[in-house]
Amino acid sequence: MKLVIQRVSHADVSVDEKIVGKINKGFMVLLGIKNTDTQKDADYLVRKLINLRVFTDENDKMNLSLQSVNGELLIISQFTLYGDCKHSGNRPSFSEAAKPDIAIPLYEYFINECKKQIPVVKTGIFGADMKVNLLNDGPVTIIIDSE
């Protein structure tokens, strides 16, 4: 399981030109799920995400977590995080990305575990063609993998 986390001032995701998820200060998270991932991977990444200290404190140091700043989460499924470009061609292979029967339950589990700790958790729509709009604050972008 892989997360691309961006610290944002605000973010939203649209499907068919309709906003389906919108947050203010917090993290916009792209979530990729691999075919061998389990709830143990999700639990590890939820802990890392919730406790990640990348918000600035009174001394302008990245020292505060999402909870410390009452931050919000926008979680978007992103199977292309497991695109493999190592072969000789230029078209990525997505063979490591989990199929929906594995990915959807883990995606929903990840979201529900985040909701237990963060009051505002918004999402995109799994498998939809989504448009993401955000203002990256910093910019701060962190990648975390459960491996």
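The values are calculated or read from the model by the stated rules, or taken from the named source; none is laboratory data. Not measured: the values here are computed from a predicted model. Please note: Cβ atoms are built from the backbone with ideal geometry, for glycine as well, and neighbour counts cover all protein chains shown. With ligands, DNA and RNA removed, areas are computed over all heavy atoms of the protein, side chains included. Shrake-Rupley method; radii C 1.70, N 1.55, O 1.52, S 1.80 Å.
Largest accessible area first, the listed residues 82, 44 line up as 44, 82 when surface is computed with a 1.4 Å probe on the assembled protein chains. Can you classify the chain as rounded, prolate or oblate using the Cα gyration tensor, where a ≥ b ≥ c are the square roots of its eigenvalues, rounded means a/c under 1.5, and otherwise it's prolate if a/b beats b/c and oblate if not? Taking the square roots of the gyration eigenvalues as a ≥ b ≥ c, the chain is prolate. Each label was represented as a point 7 Å from its Cα along the Cα-to-Cβ direction; for residue 64 and residue 136 these points are 2.2 nm apart.
With the helix formula -39500 (n - 2.57) applied to DSSP H stretches of n ≥ 4, the chain reaches a computed 222 nm mean residue ellipticity of -6500 deg cm²/dmol.
What net charge do the residues around residue 46 carry, taking every other residue with its C-beta under 9 Å from that of residue 46, with Lys and Arg at +1 and Asp and Glu at -1? Charge balance near residue 46 sits at +1.
Computed from the C-beta positions of residue 120 and residue 96, the FRET efficiency with R₀ = 30 Å rounds to 0.45. Straight-line cross-link reach from residue 86 at under 24 Å between alpha-carbon atoms covers these lysines, not counting any fewer than eight positions away in the same chain: 2, 34, 99. Directionally averaged projected area (the range 81-133, Cα convex hull): 5.2 nm². In terms of its C-alpha gyration tensor, the range 48-112 has an oblate overall shape, because the principal axis ratio a/c (a ≥ b ≥ c, square roots of the eigenvalues) is not below 1.5 and a/b does not outweigh b/c.
Scanning the chain for trypsin sites (Lys or Arg not before Pro) lying in DSSP loops with no more than 10 further Cβ atoms inside 10 Å, the longest uninterrupted stretch between such sites is 1-60. For the options 83, 71, 26, a Gaussian network treatment of the chain with springs between C-alpha atoms closer than 10 Å singles out 83 as fluctuating the most. Remark: the range 1-143 carries a charge dipole of roughly 160 debye about the Cα centre, counting +1 on each Lys and Arg Cβ and -1 on each Asp and Glu Cβ.
Ignoring any ligand, DNA or RNA, what whole percent of the accessible area of the range 23-147 comes from carbon and sulfur when the probe is 1.4 angstrom? Carbon and sulfur together cover 49 percent of it. The overall shape of the range 105-147, judged from the alpha-carbon gyration tensor, is rounded, with an a/c ratio under 1.5.
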